[in-house]
Amino acid sequence: MDFSIIADNWPLYMQGLGLTLQLVALSLVIGFCIALPLALMRQSSIKAVSWFAWGYIYFFRGTPLLVQLFIIYFGLGQWEWLKTTWAWDLFKEAYFCALLSFTLNTAAYSAEIIRGAIAATPHGEVEAAVAYGMSPFKRMFRIILPSAARRALHAYSNEIIFMLHGSSVAGIITLNDLTGVARLVNSRYYSPFEAFLTSGLIYLCVTFAIVAAVKALENRWHAHLRPRTA
Amino acid sequence: MLDLRGYGPMLLEGASLTIEVGLCSLVVALVLGTLTALAKLSTSRFLRSVAAVYTTVIRGIPDLVLMLLIFFGGQVAVNNAALALGYEDYIDIDPFIAGVLSIGFIFGAYMAETLRGAYLAVDKGQREAAMAYGMRAGQIFWRVMVPQLMRHALPGLGNNWLVLLKTTALVSVIGLDDMVRKAGLAAGATKLPFTFYMVVAAIFLLFTTVSVLLLHWAERHYGKAYRRA
């Protein structure tokens, strides 16, 4: 092990970490905003709406993130007319393509988590809300979603970690995220252990931090479920 | 309609390699997973901590980083070892072996967690009864535990397989001619990247769908004794 390589490139690794965290945070937030309506659409009684949501979720959960990224980053260049529009300024950027594919991907997984949590709502809670004369809208936002959020927290924390790990494919399309930086360092010094172990350990620390944060949140949100101490 | 400009057969070759990588890694993952699950359940503190470190570290690092580490790092390690033994020629690591080993190594950790949970879900009395009958440890494991824990393990194993299958796409990065890389080559030659990557996505969807159907069938098979009206 040559630690001077790691020390010399430490600022680079920190920049990579910054990009990784930025990509993951942005795609999780935007993806969640898409996931919520998607999960509700999936429950819709209108066939066309629920089929659309089903198809979306099926496609994005059934194919690798790498392929989705390639479809957007390399694939869209096939359409010549697209290159004449303003949208091309966005699609030619690797950063935008990575963000878009991560967002669409996590939206599908999150929608499925939310749907499962909503479907598992105890019927009594809904009945009580109806008995109180709550409108369907109020019922959804005051009773069903807060209750579902508690149930979904654990599955969603896994999705956050999957997204953190999945975001490593950004390093393949020239972005200098944590993985991209490791590839750069490896090609510069030809020292794979130093290069990849460093980013691997940084990923590990971030994963632990996420797990700890979720545990703290769970303690808070699930306080009413904790066994009573005498 | 869909015109692949004669690259269809090449893509199918890639698809069969994807399946090969997937199945070979599955075997490695199941063997490693079983051993690790047994280590986690053992009475030896040393084995338990080795297993705990393995599953925690692997599950905290992205697949791609581990794969690159094993592929490039393995290359350096093997050549250094060969040099130390007095072997002068440069040794190239086969990307197929590197891919299968790294995917198997990664998913072994996930399989271990699933198998451990399933093992603990089997009623303790079953094991005790088998011991009372004088069965040997191997017999207890294969005849009593495995058929019963499969029912608990199948949903988890199935999920792991679906994730594993999608992870195989990453082997294209270390130069293995799987479906994704073949699609890239075809796209470069024909200037039809969208078409080719969409075909790859469709083939992955097909694989996933077939896997889900097979898993349903297997879950019914192992759940026979528990079928409800």
Test set (1) within 14 Å of another protein chain (Cβ to nearest Cβ); (2) modelled with pLDDT of 90 or more - B:Met135 fails condition number: (1)
Among the residues of the stretch B:35-88, count how many are over 25 Å from A:Val206 (Cβ atoms), of a type in the set (Val, Ile, Thr) and loosely packed, with under 12 Cβ neighbours inside 10 Å. 1
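Okay, residues lined up against (1) more than 14 Å from every other protein chain (Cβ to nearest Cβ); (2) in a loop (DSSP other than H, G, I, E, B); (3) modelled with pLDDT of 90 or more; (4) within 17 Å of the chain's Cα centre (by Cα):
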position	(1), (2), (3), (4)
B:Arg5	no, yes, no, no
B:Pro9	yes, no, no, no
B:Ala29	yes, no, yes, yes
B:Leu32	yes, no, yes, yes
B:Ser49	yes, no, yes, no
B:Leu69	no, no, yes, no
B:Gln75	no, no, no, no
So, in the stretch A:121-168, exactly how many residues are polar (S, T, N, Q) and within 14 Å of chain B (Cβ to nearest Cβ)? 4
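Matching residues to (1) closer than 27 Å to A:Leu76 by Cα; (2) in a helix (DSSP H, G or I); (3) within 9 Å of chain A (Cβ to nearest Cβ):
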site	(1), (2), (3)
B:Pro155	no, yes, no
B:Thr167	yes, yes, yes
B:Leu176	yes, no, no
B:Arg181	yes, yes, no
B:Met198	yes, yes, yes
B:Ala202	yes, yes, yes
B:Thr208	yes, yes, yes
B:Trp217	no, yes, no
Can you say whether A:Ser157 is closer than 14 Å to B:Pro62 by Cβ, surrounded by 14 or more Cβ atoms within 10 Å (Cβ to Cβ), hydroxyl-bearing (Ser, Thr, Tyr) and under 23 Å from the mean Cα position of the chain (by Cα), as far as the supplied structure shows? no
The one condition in (1) surrounded by 12 or more Cβ atoms within 10 Å (Cβ to Cβ); (2) more than 22 Å from the chain's Cα centre (by Cα); (3) basic (Lys, Arg) that A:Arg226 fails to fulfil: (1)
When you check B:Gly223 against the structure, is it facing chain A (nearest Cβ under 10 Å) and either touching a strand residue (DSSP E or B) at 6+ places or on another chain (Cβ under 9 Å) or farther than 29 Å from B:Arg59 by Cα (or both), yes or no? no
Quick check on this structure: which one of A:Val49, A:Val24, A:Val29 is within 14 Å of another protein chain (Cβ to nearest Cβ) and not charged (D, E, K, R)? A:Val24
Qualifying residues in the stretch A:173-190 (those that are facing chain B (nearest Cβ under 10 Å) and touching a helix residue (DSSP H, G or I) at 6+ places or on another chain (Cβ under 6 Å)) - the one farthest from B:Phe71 (Cα to Cα): A:Leu178
Search result, residues across the stretch A:196-223 that are within 30 Å of A:Ile71 (Cβ to Cβ) and within 8 Å of chain B (Cβ to nearest Cβ): A:Phe196, A:Ser199, A:Gly200, A:Tyr203, A:Thr207
Taking first residues from the stretch B:129-157 that are free of Cβ contacts under 8 Å to residues at least 24 places away in the same chain and second residues anywhere that are of a type in the set (S, T, N, Q), the pairs with Cβ under 8 Å that are 6 or more apart or on different chains are B:Ala130/B:Gln139; B:Val144/B:Gln126
Report the residue count in the stretch A:39-95 for those that are polar (S, T, N, Q) and in contact (Cβ under 8 Å) with a residue 12 or more places away in the chain. 2
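The values are calculated or read from the model by the stated rules, or taken from the named source; none is laboratory data. Please read all numbers here as calculations on a predicted model, not as lab measurements. Every residue, glycine as well, gets a Cβ built from its backbone with ideal geometry; the counts of neighbours run over all protein chains shown.
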